[in-house]
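Below is one structure, written out as structure tokens; the observations come after it.
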Amino acid sequence: MILRLFAALLTCGFATIAFAQQGVGWKTGPEAAAIERKVDALIGKMTLEEKVGQLHLSGRGEGFDINQVKAGRMGAVMNFVVPQEVRQVQEAVRQSRLKIPLIIGLDAVHGFSTYFPLPLGQAASWNPQLIEQAAYWTGREASAAGINWTFAPMVDMSRDPRWGRVLEGAGEDVHLASVVAAARTSGYQRGGVAASVKHFVGYGAGEAGRDYNSTWIPLSQLHDLHLPPFKAAFQAGAMTAMAAFNALNSMPATAHRGMLTDLLRGKWGFRGFVTSDFGSITELRLHGIAKDDAEAARKALLAGIDMDMMGDVFHKHLANEVKAGRVPVKALDEAVRRVLRVKYHLGLFERGDVDVAAAPSLMQTEEARKVARQAAREGVILLKNDKATLPIAPSVKSVAVIGAMAVPEDERVWTDPAGLGRRLVQPLPDALREQLPADVTVAYEPAFTRNCGTEFKDKEAAVKAAAAVDLVVAMLGEDCEFMGEGASRTDLGLPGVQQELLGALVETGKPVVLVLATGRPLVLTWADKHVAAIVQTFHGGTEGRAAIAEVLAGKVNPAGRVPMSFPRSVGQIPVYYDQLPTGRPQKIRQRYESIFMDEANEALYPFGFGLSYSRFTYANPRVSREKVAMDGAVEIAVEVTNRSERDGQEVAQLYVRQPVAERSRPLRQLKGFEKVFLKAGETKTVTFRLEAGTLGAHDDAGRYRIDPGLVEVYLGGSSLAEAKTRFELTKP
Ligand code: BGC
């Protein structure tokens, strides 16, 4: 991994652009020791109010008081994206007594000026180097606009597509999510912004997928599933973290001392700071663990929260709590120390103000757009392709693109790059015209009033256009209102009147290619039966539609793989591949087996699945040794062949199962993957190294244990991988 990231660094055009800011990260050795001395000296000079100020994070907009910056009562700001405005707050710092630079934060979740696919769509590429580069360019652009901190990556694990925020994560699998967490953290920080890994912890397990809802997570699962991506991000150097909104096993995460202090600082040795989520300290009252804001502030600080995001409660109450002796000065100093430490390690004391004049030219550079195009291409998942409908055949002479989403309204989710270097995002009909032969006509009908597809503009015109062509491309899905934070859904069908349109298009009898841009896996059971082909994307960003056109036209061979199982119905949720076995497995689908009366057990499209215009086969799976000591390692190899006339990329996946152990173990668990490019007819040997130390699991007390015994290994192109080998895990 480290080697690969280094290679990515070399190929990223590091030297080609004169960016003002270099990558950021933890300094080590004498430099780190010198920073500790500087922090101590600075704390020694600070008044109580200035100390509290360092823990106060306020945001652009109504209520923002620049005088607090001038008075040294604000340590961080957020949502400033216009370089001139960033410059103003930086200048205000110089009027303060101690001139302590501000941390300037932003949700640069999948881009700043250049937009990359949503994080879930990046994960669908199964390409950590590419994901690292997407984060790098996001960090580069954001830091060129004066930002030095991003509220990302979100690494919350979720098995519930009803939750609107699955789009910010990396899907259902802990191994893939951990690799992605590390890649995104490294990329952001190499690009010049400190990462804030979030939301610590358990936010993705909200009951029923309802946002902000409580979570109940057994310790074994907390350690096996929810914590590893955080650990991976910290190991990759994440400098800050954000606490979650939810209650974890009845203790709000924002006041969870066990997680924030005992585990994060104590066991894991994290030296950075932890911010609350947006107003989550004052929400402790509503959680029912604080009678007022003063108590909320006290509880959060003493649990291990160092910064109050947009709550104003540290700012209003902490000084009093200290004066009254309810919060020890030592605890306050410790929080201030963590914030200042990050500021020094980030180099903020030496960093000049944002270069307002240079910023626009550093947005949407050719390099960034190239990475965005590649990420968009690799995030496309071909879910269905009946009778080789795709790529569009030479016999197709007319295409109708249907659906308002084909022409972008907006590719932003949160951030507003304030028009810096914004360029036109190519509409799908134009992109298709560019990719298809000149004699193919491409018509376009939006059908809906808006992207969201909740209201018809002209359904008849759309159906008429469809009936008149050889092939229909319907671009449908979820737009901003239907996905993201605060957008939990109980119905995972196409929103609004989109299903009605799709039905009418299918009724024309013309082959329909359904192109989806969504924020989560939808229930596609109807579409799977009735349309000719399904192309899934998770909003591809600036280059998204251009990449889709390349895939439809066959210029790009799709290689995205499902990062989160697609349920057949909402009633199946949670549906994920690494389930435990039951004592009543499904055999012949009869009563008293662990099945549904009215639905299959299996996902519609399982984890790891994705079609290609090529066809890949696996052969000769083998292990380097049949007995592997529990502290040792084994190499596992398999031959992958491209049995088609087209070059293509395959994602070779390795799963394990321990059929007998002390505790029940999942039916399959991903332990490795490798994206390989294979020319038509080519065979490559893919070799994985598997550390036996990764084969354990946690018990009810959170203790990790590895058990000796047989380990089955499956190799293939999805979680249904069939090539099989095995080895014996032995006591050392
Ligand atoms: C979200 C965070 C985000 C913050 C700031 C909150 O509502 O949960 O993930 O970083 O807002 O925008």
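The values are calculated or read from the model by the stated rules, or taken from the named source; none is laboratory data. These numbers were taken from a predicted model, which means no experiment stands behind them. We place every Cβ from the backbone using ideal geometry, glycine too, and count neighbours over all the protein chains shown. Side chains are part of the model used for accessible areas, which takes the heavy atoms of the whole protein and leaves out ligands, DNA and RNA. Shrake-Rupley method; radii C 1.70, N 1.55, O 1.52, S 1.80 Å.
I need a count of the residues in the range 695-704 that are more than 26 Å from E626 (Cβ to Cβ) and buried (at least 18 other Cβ atoms within 10 Å of the Cβ).
1
Looking at the structure I just gave you, is A238 within 22 Å of Y188 (Cβ to Cβ), assigned to a helix (DSSP H, G or I), within 15 Å of the ligand (Cβ to nearest atom) and in contact with a strand residue (DSSP E or B) (Cβ under 7 Å, 6 or more places away or on another chain)? It is false that A238 is within 22 Å of Y188 (Cβ to Cβ), assigned to a helix (DSSP H, G or I), within 15 Å of the ligand (Cβ to nearest atom) and in contact with a strand residue (DSSP E or B) (Cβ under 7 Å, 6 or more places away or on another chain).
Checking the structure you have, find out if any residue of the range 351-366 is among the hydrophobic types (A, V, I, L, M, F, W, C), under 27 Å from the mean Cα position of the chain (by Cα) and within 30 Å of V535 (Cα to Cα). Checked against the condition, which is being among the hydrophobic types (A, V, I, L, M, F, W, C), under 27 Å from the mean Cα position of the chain (by Cα) and within 30 Å of V535 (Cα to Cα), the range 351-366 yields at least one hit.
How many residues are touching a Ser or Thr at 6+ places or on another chain (Cβ under 8 Å) and away from the ligand (no atom under 16 Å from the Cβ) when one looks only at the range 69-85? The total comes to 5.
Against the definition (open to solvent by 10 Å² or more (accessible area, probe 1.4 Å) and within 14 Å of the ligand (Cβ to nearest atom)), how does N246 come out, yes or no? No, not satisfied.
Yes/no per residue for (1) more than 16 Å from the ligand (Cβ to nearest atom); (2) more than 30 Å from N79 (Cβ to Cβ); (3) modelled with pLDDT of 95 or more; (4) surrounded by fewer than 17 Cβ atoms within 10 Å (Cβ to Cβ):
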site: G379; (1), (2), (3), (4): yes, no, yes, no
site: L382; (1), (2), (3), (4): yes, yes, yes, no
site: P394; (1), (2), (3), (4): yes, yes, yes, yes
site: A400; (1), (2), (3), (4): yes, yes, yes, no
site: L420; (1), (2), (3), (4): yes, no, no, no
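Each row is one residue, and each column tells you yes or no for (1) within 16 Å of the ligand (Cβ to nearest atom); (2) open to solvent by 10 Å² or more (accessible area, probe 1.4 Å).
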position	(1), (2)
G53	no, no
S58	yes, yes
G61	yes, yes
N67	no, yes
R87	no, yes
E91	no, yes
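Annotation note: Cβ proximity below 9 Å between a residue of the range 431-450 that is open to solvent by 50 Å² or more (accessible area, probe 1.4 Å) and a residue that is polar (S, T, N, Q) (sequence gap 6+ or interchain) occurs for R433/T441; E434/Q426; T441/S398.
Among the residues that make up the range 311-328, is at least one of them open to solvent by 40 Å² or more (accessible area, probe 1.4 Å), of a type in the set (A, V, I, L, M, F, W, C) and under 23 Å from K231 (Cβ atoms)? No; the residues of the range 311-328 include none that is open to solvent by 40 Å² or more (accessible area, probe 1.4 Å), of a type in the set (A, V, I, L, M, F, W, C) and under 23 Å from K231 (Cβ atoms).
For the range 129-167, filtering for residues that are assigned to a helix (DSSP H, G or I), within 13 Å of the ligand (Cβ to nearest atom) and surrounded by 24 or more Cβ atoms within 10 Å (Cβ to Cβ) leaves 2. The set of residues in the range 168-189 being closer than 24 Å to V562 by Cβ, more than 16 Å from the ligand (Cβ to nearest atom) and not charged (D, E, K, R) consists of G171, V174, H175, L176, A177, S178, V179, V180, A182, A183, G187. Evaluation of A559 against the conditions (1) open to solvent by less than 10 Å² (accessible area, probe 1.4 Å); (2) closer than 15 Å to P161 by Cβ shows that the sole unmet condition is (2).
Residues that are touching a Gly at 6+ places or on another chain (Cβ under 7 Å), open to solvent by 20 Å² or more (accessible area, probe 1.4 Å) and in a loop (DSSP other than H, G, I, E, B) within the range 495-512 comprise G496, V497, listed in sequence order.
Within the range 190-206, the set of residues being out of contact with any strand residue (DSSP E or B) (no Cβ under 6 Å at 6 or more places or on another chain) and either within 11 Å of the ligand (Cβ to nearest atom) or modelled with pLDDT under 95 (or both) comprises Y203 only. Please tell me if V562 is within 21 Å of D386 (Cβ to Cβ), in contact (Cβ under 8 Å) with a residue 60 or more places away in the chain and part of a strand (DSSP E or B). Answer is no for this residue.
Evaluation of A208 against the conditions (1) among the hydrophobic types (A, V, I, L, M, F, W, C); (2) open to solvent by less than 10 Å² (accessible area, probe 1.4 Å); (3) assigned to a helix (DSSP H, G or I) shows that the sole unmet condition is (2). The criterion of being closer than 25 Å to G169 by Cβ and in a loop (DSSP other than H, G, I, E, B) does not hold for V515.
With the condition being surrounded by fewer than 20 Cβ atoms within 10 Å (Cβ to Cβ), I'd like the strands (runs of 3 or more DSSP E) fully within the range 605-694 carrying at least 3 qualifying residues.
Strands (runs of 3 or more DSSP E) meeting the threshold: 616-623, 633-642, 669-678, 683-691.
Once the range 170-205 is narrowed to residues that are in a loop (DSSP other than H, G, I, E, B) and touching a residue at least 60 places away in the same chain (Cβ under 8 Å), the residue that is nearest to Y655 (Cα to Cα) is D173. If I filter the range 579-588 for residues that are basic (K, R), over 30 Å from D211 (Cβ atoms), open to solvent by 60 Å² or more (accessible area, probe 1.4 Å) and free of Cβ contacts under 8 Å to residues at least 12 places away in the same chain, do I get at least one hit? Looking through the range 579-588, at least one residue is basic (K, R), over 30 Å from D211 (Cβ atoms), open to solvent by 60 Å² or more (accessible area, probe 1.4 Å) and free of Cβ contacts under 8 Å to residues at least 12 places away in the same chain. In the range 141-153, the residues that are in contact (Cβ under 8 Å) with a residue 12 or more places away in the chain form Cβ pairs under 6 Å with partners that are of a type in the set (S, T, Y) and away from the ligand (no atom under 11 Å from the Cβ), at six or more places apart or across chains, as follows: E141/S113; T150/Y188.
A Cβ distance below 7 Å, combined with a sequence gap of six or more or placement on separate chains, defines the contacts here; from the range 452-479, residues that are in contact (Cβ under 8 Å) with a residue 12 or more places away in the chain and assigned to a loop (DSSP other than H, G, I, E, B) reach residues that are basic (K, R) and open to solvent by 10 Å² or more (accessible area, probe 1.4 Å) in the pairs V469/K510; D470/K397. Whether any residue in the range 565-574 is in contact with an Asp or Glu (Cβ under 8 Å, 6 or more places away or on another chain) and crowded, with 24+ Cβ neighbours inside 10 Å is what I want to check. Yes, the range 565-574 contains a residue that is in contact with an Asp or Glu (Cβ under 8 Å, 6 or more places away or on another chain) and crowded, with 24+ Cβ neighbours inside 10 Å. Here the condition is being of a type outside the set (A, V, I, L, M, F, W, C), at pLDDT 95 or above and touching a Ser or Thr at 6+ places or on another chain (Cβ under 7 Å); of G187, G209, it holds for G209 alone.
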